[in-house]
Amino acid sequence: MEELICPDIFHGHIKAFFTTRVLGADIRKICSFLSIKKEDIFLPVQRHTSKVFVLKTDMEPAVADAVITNRKGILIGVQVADCVPILLYDRRKSVIGAVHAGWRGTADQIIKKTINKMGESFFSLPENITLALGPSIRWNCYVVDKEVKDTVCDATGDGTYFRKHSNGKYRIDLASANVQQALSTGVLKEHIWMSNDCTYCNPHAYYSYRYEKNSCGRQCGFIGIL
């Protein structure tokens with residue numbers, strides 16, 4: 001497994017990637033590997049919220065699980081260990097975003113709120129936004145109770161992103177749920193890239209909270225305008 005996973009869907013002056021266990025969320029290693037300064041990296045303080053932070057000039061960390069900006073020369077990112085890391089880019093308005101979507105964020109439509117905030121703050125249109133969803137826990141490995149399934153379904157609508165398991169449990173694919181929510185805003189299917197890697201199935205390559213429990217590390221998704 002390489003240090004970085006770089007989606008080939010982004011074009012233009014964009015740096016976008018997902019880290020693996022090799023770099024994880026170690027900012028010192030990431031800075032050294034990419035030859036960038038720590039001061040040029042912004043990570044929000046994640047609390048499983050649906051808050052979208054608009055980054056302007058102050059690089060002081062803020063509580064949020066999504067961040068958007070039109071600033072150039074910096075990287076914005078999120079940390080994950082089973083949840084879905086999502087990177088966004090509006091090629092027309094030169095706006096980027098990074099989203100941490102766990103089941104709570106998905107149930108509170110964090111990807112839709114991020115896309116809407118890009119429109120409110122920077123006049124982005126959904127059809128001009130490209131998305132990349134990084135490695136996350138997938139399908140059979142993510143079993144939840146009916147309450148969690150219902151909250152995600154209420155936010156997402158009918159679809160093929162969940163299946164019945166047993167004993168009242170369900171298998172759910174949060175990445176697919178977020179894709180469906182993004183499509184509902186007007187994002188085009190051909191503008192979406194999704195990793196097929198499951199973090200739980202590949203503990204040698206990725207950190208997985210469900211696999212490793214409380215001692216788990218993190219990997220990241222980053223995007224920046226050069």
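The values are calculated or read from the model by the stated rules, or taken from the named source; none is laboratory data. This structure is a prediction, so every number in the text was calculated from the model and none was measured. Positions of Cβ are backbone-derived with ideal geometry, glycine not excepted, and every protein chain shown enters the neighbour counts. Ligands, DNA and RNA are excluded from the accessible area calculation, which covers all protein heavy atoms including side chains. Shrake-Rupley method; radii C 1.70, N 1.55, O 1.52, S 1.80 Å.
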Checklist entry - What about residue 189, is it within 18 Å of the chain's Cα centre (by Cα) and free of Cβ contacts under 8 Å to residues at least 12 places away in the same chain? => result yes
Checklist outcome for this item: Residue count, the stretch 109-121, condition closer than 15 Å to residue 184 by Cβ and either of a type in the set (Phe, Trp, Tyr) or open to solvent by 60 Å² or more (accessible area, probe 1.4 Å) (or both), comes to 2
Item to check | Matching residues, the stretch 71-90, being within 16 Å of residue 117 (Cα to Cα) and either over 18 Å from the mean Cα position of the chain (by Cα) or without any contact (Cβ under 8 Å) to a residue 12 or more places away in the chain (or both) | outcome: 71
Item to check | Unmet requirement for residue 82, which otherwise passes all of (1) assigned to a loop (DSSP other than H, G, I, E, B); (2) on the phi < 0 side of the Ramachandran plot | outcome: (2)
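What are the residues in the stretch 184-201 that are open to solvent by 40 Å² or more (accessible area, probe 1.4 Å) and either within 16 Å of residue 5 (Cα to Cα) or not hydrophobic (A, V, I, L, M, F, W, C) (or both), if any? First the steps, then the outcome.
Restricting attention to the stretch 184-201, the residues satisfying the condition of being open to solvent by 40 Å² or more (accessible area, probe 1.4 Å) are 184, 188-190, 193-194, 196-197, 200-201.
Once the filter is applied, which keeps residues that are open to solvent by 40 Å² or more (accessible area, probe 1.4 Å) and either within 16 Å of residue 5 (Cα to Cα) or not hydrophobic (A, V, I, L, M, F, W, C) (or both), the stretch 184-201 yields 184, 189, 190, 193, 194, 196, 197, 200.
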Checklist outcome for this item: Taking the stretch 56-74 and the residues there that are part of a strand (DSSP E or B) and open to solvent by 10 Å² or more (accessible area, probe 1.4 Å), the one that is nearest to residue 111 (Cα to Cα) would be 63
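Can you list the strands (runs of 3 or more DSSP E) lying wholly within the stretch 151-226 that have 3 or more residues being touching a helix residue (DSSP H, G or I) at 6+ places or on another chain (Cβ under 9 Å)?
On the way: elements: 162-164, 169-172, 192-194, 219-225.
Fully inside the stretch 151-226 and qualifying: 169-172, 219-225.
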Item to check | Unmet requirement for residue 134, which otherwise passes all of (1) over 20 Å from residue 16 (Cα atoms); (2) crowded, with 16+ Cβ neighbours inside 10 Å | outcome: (1)
Next on the checklist: Restricting to the stretch 15-53, count the residues that are in a strand (DSSP E or B) and buried (at least 18 other Cβ atoms within 10 Å of the Cβ).
Outcome noted: 8
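Do we have residue 174 as touching a residue at least 60 places away in the same chain (Cβ under 8 Å) and either open to solvent by 50 Å² or more (accessible area, probe 1.4 Å) or in contact with a strand residue (DSSP E or B) (Cβ under 8 Å, 6 or more places away or on another chain) (or both) here?
On the way: touching a residue at least 60 places away in the same chain (Cβ under 8 Å): yes; either open to solvent by 50 Å² or more (accessible area, probe 1.4 Å) or in contact with a strand residue (DSSP E or B) (Cβ under 8 Å, 6 or more places away or on another chain) (or both): yes.
For residue 174, the condition - touching a residue at least 60 places away in the same chain (Cβ under 8 Å) and either open to solvent by 50 Å² or more (accessible area, probe 1.4 Å) or in contact with a strand residue (DSSP E or B) (Cβ under 8 Å, 6 or more places away or on another chain) (or both) - is met.
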